[in-house]
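The values are calculated or read from the model by the stated rules, or taken from the named source; none is laboratory data. Everything numeric in this text was worked out from a predicted model, so none of it was measured. Because the Cβ atoms are built from the backbone with ideal geometry, glycine has one as well, and the counts that use them run over all protein chains shown. Remember, those area values only see protein heavy atoms, side chains included, never the ligands or the DNA or RNA. Shrake-Rupley method; radii C 1.70, N 1.55, O 1.52, S 1.80 Å.
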Amino acid sequence: MDRYEPLKIEEKWQKIWEETEAFKVSEIKDKPKMMLAEMFPYPSGAGLHVGHVRNFTIVDVLTRFYMQQGLNVLRPFGYDTFGLPAENYAIKTGTAPQKVTLENIENFRKQAKRLGYAIDWSREINTSSPEYYKWTQWCFLQLYKKGLAYQKESYQWWCPEDKTVLANEQVENGKCWRCGHEVEKKKMKQWFFKITEYADELLDEIDSLEWPEKIKTMQKNWIGRSAGALIEFPVNSRAASGRPVATGGRRLSSCCRTPDSLEFTGNSITVFTTRPDTIKGATFIVLAPEYQGLDFIVTDDCKDAVAKYKADALKKSEVERQENKEKTGVFTGSYAINPATKEKIPIWVADYVLAGYGTGAIMAVPAMDERDREFAEKFDLPIVETELVDRDLYGTPKVTYKMRDWLISRQRYWGCPIPIAYDKEGNPHPIPEDQLPVMIPEVKDYQPDDSGRSALAKAKDWLKVTIDGEEMTRETDTLDGYACSSWYLWRYASPHDKEHAWNEAAIKYWEPVDYYVGGDHAVAHLLYVRFWCKFFADQGYLPFREPIKRLLYNGYINAPDGKKMSKSKGNVIDPLDVINDGYGADTLRTYEMFIGPYDMDAAWDPRSVGGVYRFLNRCYNLLAMQNPDKVDNSIIRNKTIKKVTEDIHKYNFNTAVAALMEYVNELYKVGASEEDLVVLAKLLKPFAPHLASEMLERLGADDEWPKWDEKYLVSDIVTVVVQINGKLRAKLEMSADDLEDEKKVMEAVLSDKKVQKYVENGIKKQIFVKKAKLVNLVV
RNA sequence: GGCCGGAUGGCGGAAUUGGUAUACGCGUUCGACUUAAAAUCGAAUGGAGCAAUCCGUACGGGUUCAAGUCCCGUUCCGGCUACCA
């Protein structure tokens, strides 16, 4: 008898799939389509991780399931290749990121092929290839043309030692990750995408998506819409009517001469509040340290104190702000007039008010708001209990969002260059579309220089560009990697199109994506793709407004000890080791589907891997144990078809595998007919495609998904459960026909000796539940 | 602090949504095969008890003929978020 040798079988089938381009698809008009994708991976040097395997296998199970059902199924693959690790490696070793990236892709591809995924390899994409990022730049230009890509001064983390801007994740405990110097916030000009333009639509359409509630809620909270009002508080000696009131000893004239902004003259302060009805309780005003008109408001006496407070606040790291919630603040010396009470109320500066939200100014109602009360108590400010007034009396209605515009410029080398150049006056100009892509120049040294700009600034020749006959200097910032992944799903439809980012007809056929699977980026990426989709739909480039119909958010796989796998802990399980140890890819795949519900975290259990291997081994052994005529397994066979089909529809992959195990155990006991085995192989194929293909070949069968026949699922004999006072006391066998007649059921129940013992003293109440095949007697 | 999930044998997890708690797998024990081991196959396996029975889904109440499932309260664990006015 031959033995199950997974590595041999897998090599054979992988070769066949490769040579026949088995999963290459194109648009077929009269066939229903299905498109599935995982969140494409960053191909790190470490190669495939067991987490990738779980993610990719979920996609593959669904892919093969729908293929076997006869749909035209596209399952593409790609690589998200821009990013920090490659750049850091380049800084350390001087190796070009381009080179390292291609090596990593090569390795990743090889490993993915060892897992037998039904990928259309002709559609592979790589975000750092010029053929791809040309179109990322094109997308940027479309947003720029419509005013949705813009520049703005904003406060950024800045390392004074390295003289560079740092991303949030590069700040560790308030210190620069490279040199350890304390970082501070610095005002700098940065590029943004105006995602806030779509805030309402992004929020309102969430409910229409077949996404996990968890993710939907996270996105809703992130967008954070709240309805309130803007209320203007006149400052200092001027009341709303212009009537003079007592001043706080401050010379008004000096502040009103130099306004560079109409809104921040210092004549008034506009606050945002969700509770305009509590205005009578507003006993002071609080401004954010970065409040734009602050200089016009502070009196000379208070100037130094406020300046010091502001400087300290900007130095405060995120961590410090989190750890220390003790209220701090300083008085500006000025007063505002509460328009409702006409009272003079002091204006303070405190970092518990955020510059980026609302107007950066609040009216403090310590009687109603916990934070305001804390502040009032600490600084001995008045707390006035108050009755409510009409919401619209003193303000104008205003909706605000927690979501900010998306900061996209990065001072990094290894990213997609922003296709912009500056004239001599420093005005930005888009690079003409026919000059795309703006290639990433080669440099010798990848370390950012003293200018605080990315290493792109070192490519002196590259910097110069002529547009419409005018000499200009290129932008040296690159795009956030999330920009590259905001449109890749559409590139999959026509990955080699040289004329367009995506082909209209192909998009119309394949998309939106039917299933998207991943375990990360709940808000960032998954919000950005939705934003771009709506934008490009508005420009007429996309025929839908939501890019992803269904989202599956899978859990992580942890180390056997339950902790996160990490190199430093030395608890990483390498999926290629599992395969090469002799278990094979089918065992690995099936195990990761069996490990637990797909959306829950799970700990790797090496011994359970063996259990799945034993199961596949038994499947294989059944081939030699055929018992063609003697057995009739119609009941369990049909039951299993139904269970596995329905479980896959519900993404209950773990119980689908369990059902297959039960089926195999039964066949092992009583023997299997050819039909039993064909069905087994077909149902097994999404999980263990190599073994199933081998079985089907030997059985001479195709892989068409089997259907169950309901007639085998209703049996003639049923078991009726008898409870006494809700406790199980007896089980009776009776014919299904008798079950229809309550009288007959009760007769049978009461003639049972065991039951009789319990009902000697009479029955108070009897309940018969036909659906549950259950009788409950209350005695 | 806020929001959202969880808590079921020695372990990972099932349970048609109120109706036989612990499917399937791991582990453990016993048996078969073997000179032996591994592999494989078979049987048993929530706890207590000789037994009839009793107790069991984090804890305390409640609703119901019937609760892992519904309601109220408590504890613990995980995720996200973090002074958003």
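Kindly indicate whether residue A:778 is farther than 30 Å from residue A:648 by Cβ, open to solvent by less than 40 Å² (accessible area, probe 1.4 Å), of a type in the set (A, V, I, L, M, F, W, C) and free of Cβ contacts under 8 Å to residues at least 60 places away in the same chain. Walk me through how you get there before you give the answer.
Numbers: farther than 30 Å from residue A:648 by Cβ: yes; open to solvent by less than 40 Å² (accessible area, probe 1.4 Å): no; of a type in the set (A, V, I, L, M, F, W, C): yes; free of Cβ contacts under 8 Å to residues at least 60 places away in the same chain: yes.
It is false that residue A:778 is farther than 30 Å from residue A:648 by Cβ, open to solvent by less than 40 Å² (accessible area, probe 1.4 Å), of a type in the set (A, V, I, L, M, F, W, C) and free of Cβ contacts under 8 Å to residues at least 60 places away in the same chain.
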Exercise for review: Could you list, in sequence order, all residues of region A:704-762 that are open to solvent by 40 Å² or more (accessible area, probe 1.4 Å), part of a helix (DSSP H, G or I) and either within 13 Å of RNA strand B (Cβ to nearest atom) or closer than 30 Å to residue A:678 by Cα (or both)?
Suggested key: A:710, A:711, A:712, A:753, A:754, A:756, A:757, A:758
Practice item. Kindly establish whether residue A:632 is in a loop (DSSP other than H, G, I, E, B), under 21 Å from residue A:584 (Cβ atoms) and open to solvent by 40 Å² or more (accessible area, probe 1.4 Å). Key: no
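If you take the residues in region A:684-695 that are part of a helix (DSSP H, G or I) and more than 13 Å from residue A:622 (Cβ to Cβ), which one is nearest to the chain's Cα centre (by Cα)?
Here is the first cut: in region A:684-695, the residues part of a helix (DSSP H, G or I) are A:684, A:689-695.
So of that shortlist, the ones also more than 13 Å from residue A:622 (Cβ to Cβ) come out as A:689-690, A:693.
Values: A:689: 29, A:690: 32, A:693: 34 Å.
Only one residue fits best here, namely A:689.
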Review point. Given the residues A:353, A:349, which is the only one that is open to solvent by less than 30 Å² (accessible area, probe 1.4 Å), near RNA strand B (Cβ under 8 Å from one of its atoms) and touching a residue at least 60 places away in the same chain (Cβ under 8 Å)?
Key: A:353
Review point. Taking the condition within 13 Å of RNA strand B (Cβ to nearest atom), part of a helix (DSSP H, G or I) and surrounded by 15 or more Cβ atoms within 10 Å (Cβ to Cβ), does residue A:615 pass?
Key: yes
Exercise for review: Exactly one condition in (1) surrounded by fewer than 18 Cβ atoms within 10 Å (Cβ to Cβ); (2) within 30 Å of residue A:220 (Cα to Cα) is not met by residue A:358; state its number.
Suggested key: (1)
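Take residue A:675 and tell me if it is within 10 Å of RNA strand B (Cβ to nearest atom), without any contact (Cβ under 8 Å) to a residue 60 or more places away in the chain, open to solvent by 10 Å² or more (accessible area, probe 1.4 Å) and in a helix (DSSP H, G or I).
Details: within 10 Å of RNA strand B (Cβ to nearest atom): no; without any contact (Cβ under 8 Å) to a residue 60 or more places away in the chain: yes; open to solvent by 10 Å² or more (accessible area, probe 1.4 Å): yes; in a helix (DSSP H, G or I): yes.
Taking the combined requirement at face value, the residue does not satisfy it.
For (1) β-branched (Val, Ile, Thr); (2) part of a loop (DSSP other than H, G, I, E, B); (3) within 13 Å of RNA strand B (Cβ to nearest atom), each residue gets a yes or a no:
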| position | (1), (2), (3) |
| --- | --- |
| A:544 | no, yes, no |
| A:576 | no, no, no |
| A:588 | no, no, no |
| A:591 | no, no, yes |
| A:600 | no, yes, yes |
Exercise for review: Scan region A:9-30 and report the pairs whose first residue is under 26 Å from residue A:582 (Cβ atoms) and whose second residue is open to solvent by less than 70 Å² (accessible area, probe 1.4 Å) and hydrophobic (A, V, I, L, M, F, W, C), with Cβ atoms within less than 6 Å and a gap of 6+ or a chain change.
Suggested key: A:10/A:585
Point to revise | region A:645-670, subset more than 38 Å from the chain's Cα centre (by Cα) and open to solvent by 10 Å² or more (accessible area, probe 1.4 Å), residue farthest from residue A:613 (Cα to Cα) | key: A:670
Review point. Is one or more of the residues making up region A:558-574 part of a strand (DSSP E or B), open to solvent by 50 Å² or more (accessible area, probe 1.4 Å) and at pLDDT below 95?
Key: no
Point to revise | Hits in region A:91-144 - residues which are open to solvent by 10 Å² or more (accessible area, probe 1.4 Å), modelled with pLDDT of 95 or more, in a loop (DSSP other than H, G, I, E, B) and out of contact with any Ser or Thr (no Cβ under 9 Å at 6 or more places or on another chain) | key: A:124
Review point. Across region A:284-297, which residue is farthest from RNA strand B (Cβ to nearest atom) among those that are in a loop (DSSP other than H, G, I, E, B) and open to solvent by less than 10 Å² (accessible area, probe 1.4 Å)?
Key: A:293
Review point. Name the strands (runs of 3 or more DSSP E) wholly within region A:445-535 that hold at least 3 residues that are open to solvent by 40 Å² or more (accessible area, probe 1.4 Å) and either farther than 22 Å from residue A:80 by Cβ or touching a residue at least 12 places away in the same chain (Cβ under 8 Å) (or both)?
Key: A:470-474
Review point. Scanning for something touching an Asp or Glu at 6+ places or on another chain (Cβ under 9 Å), at pLDDT 85 or above and open to solvent by 20 Å² or more (accessible area, probe 1.4 Å), does region A:150-161 turn up at least one residue?
Key: yes
